[in-house]
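For reference, the structure discussed in these notes is given below.
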């Protein structure tokens with residue numbers, strides 16, 4: 001753990017013993033903006049995760065990630081070399097979507113806990129395979145959907161599970177973002193598996209399915225590429241197995257981020273509204289919802305680290321990711337037909 005002395009002073013080492021907080025070693029696969037701007041800051045905030053290697057074929061991205069980390073980790077261009085050269089407790093993967101399945105499967109087979117960026121994978125079969133493998137090996141498998149650790153979404157899920165809304169009749173959701181100057185692999189349909197709906201839209205779809213526990217029966221879609229190679233704007237109609245219906249809309253040539261999710265039940269209507277990636281409003285039947293203090297905001301990284309440090313704790317697996325893949329697959333197939 002060659003970064004340890006750079007991170008901790010002797011008194012901090014005593015703190016580790018006092019808190020009983022297990023130190024973790026990590027491999028970071030992908031050194032792009034998401035890894036540098038989201039995951040590395042959360043690693044540094046934890047203080048007891050030591051990055052042993054960073055993998056990325058782009059030297060400029062690698063250098064920027066090393067600088068953001070603040071201490072030297074082994075640099076690798078091929079993620080497969082991390083299997084032999086840098087053992088670790090955990091792996092965080094933030095790479096193009098078409099690489100997720102092979103990378104996550106290989107690291108799970110090697111006995112490492114994995115946190116994977118969204119979407120986990122782009123097919124139902126791949127989602128089932130990874131979840132089954134993680135369960136068989138008793139390893140943590142997390143998908144980095146931030147909304148699942150926002151206290152508003154956590155409490156919304158609790159309210160629905162306790163029957164506050166009754167049976168769910170329908171859901172309406174949309175998310176907007178400026179994708180017009182994005183470029184890179186996200187605009188490559190092979191690497192991304194789809195455009196705005198597959199990427200940012202995955203947050204909206206996953207949070208809806210996780211909060212409501214709805215399962216997808218069928219979906220159809222219409223889309224506009226706005227002269228790009230992938231969808232920028234997309235509208236999806238969904239039929240769920242309980243008979244509920246839903247619509248999801250993603251707009252990728254908007255000026256900024258705006259997002260809303262409305263869940264309609266037989267007993268009430270729940271609404272979540274975000275702006276600039278922050279929850280601005282959380283209401284039940286038009287009235288603000290008071291969230292219990294016991295529910296605190298967290299991040300996927302912090303929850304992942306906590307789960308790995310408590311091996312006897314019952315693990316929650318991302319079964320909802322199967323439904324995300326089912327809905328996405330059905331939507332994109334409908335565009336082809």
Hits in region 241-252 (condition: buried (at least 19 other Cβ atoms within 10 Å of the Cβ) and without any contact (Cβ under 8 Å) to a residue 40 or more places away in the chain) | none
Can you confirm whether region 171-193 contains a residue that is within 16 Å of residue 335 (Cβ to Cβ), surrounded by 15 or more Cβ atoms within 10 Å (Cβ to Cβ) and under 18 Å from the mean Cα position of the chain (by Cα)?
-> yes
Assigned to a strand (DSSP E or B), more than 21 Å from the chain's Cα centre (by Cα) and under 28 Å from residue 166 (Cα atoms), is that true of residue 270?
-> yes
Search result, residues across region 194-235 that are at pLDDT 95 or above and on the phi > 0 side of the Ramachandran plot | 194, 213
Here are some residues: 82, 102. Which one is more than 19 Å from the chain's Cα centre (by Cα), outside the structural domain of residue 191 (by TED's automatic domain parsing) and either under 23 Å from residue 190 (Cβ atoms) or surrounded by 15 or more Cβ atoms within 10 Å (Cβ to Cβ) (or both)?
-> 82
Any residue at all in region 75-96 that is under 18 Å from residue 299 (Cβ atoms), in contact (Cβ under 8 Å) with a residue 24 or more places away in the chain and part of a helix (DSSP H, G or I)?
-> no
Residue 227: passes all of (1) buried (at least 19 other Cβ atoms within 10 Å of the Cβ); (2) out of contact with any helix residue (DSSP H, G or I) (no Cβ under 9 Å at 6 or more places or on another chain) but (1)
Can you give me the number of residues within region 84-105 that are at pLDDT 95 or above and more than 20 Å from residue 192 (Cα to Cα)?
-> 7
Flag for residue 148 being crowded, with 23+ Cβ neighbours inside 10 Å and farther than 26 Å from residue 260 by Cβ = no
Qualifying positions in region 224-240 - in contact (Cβ under 8 Å) with a residue 12 or more places away in the chain and part of a loop (DSSP other than H, G, I, E, B) = 225, 226, 228, 229, 230, 231, 232
Residue within region 286-307 that is in a strand (DSSP E or B) and either over 21 Å from residue 131 (Cβ atoms) or not assigned by TED's automatic domain parsing to the domain that holds residue 113 (or both) present | yes
Residues located in region 201-227, provided they are more than 26 Å from residue 265 (Cα to Cα) and in contact with a strand residue (DSSP E or B) (Cβ under 9 Å, 6 or more places away or on another chain) | 222, 223, 224, 225, 226
All positions within region 29-52 that are outside any helix (DSSP H, G or I) and in contact with a helix residue (DSSP H, G or I) (Cβ under 8 Å, 6 or more places away or on another chain) | 29, 31, 32, 47, 48, 49, 50, 51
Yes or no: residue 38 modelled with pLDDT of 95 or more and closer than 15 Å to residue 302 by Cβ?
-> yes
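The values are calculated or read from the model by the stated rules, or taken from the named source; none is laboratory data. Just so you know, these numbers come straight off a predicted model, no measurement behind them. Reconstructed Cβ throughout: ideal geometry from the backbone, glycine too, with neighbour counts over all protein chains shown.
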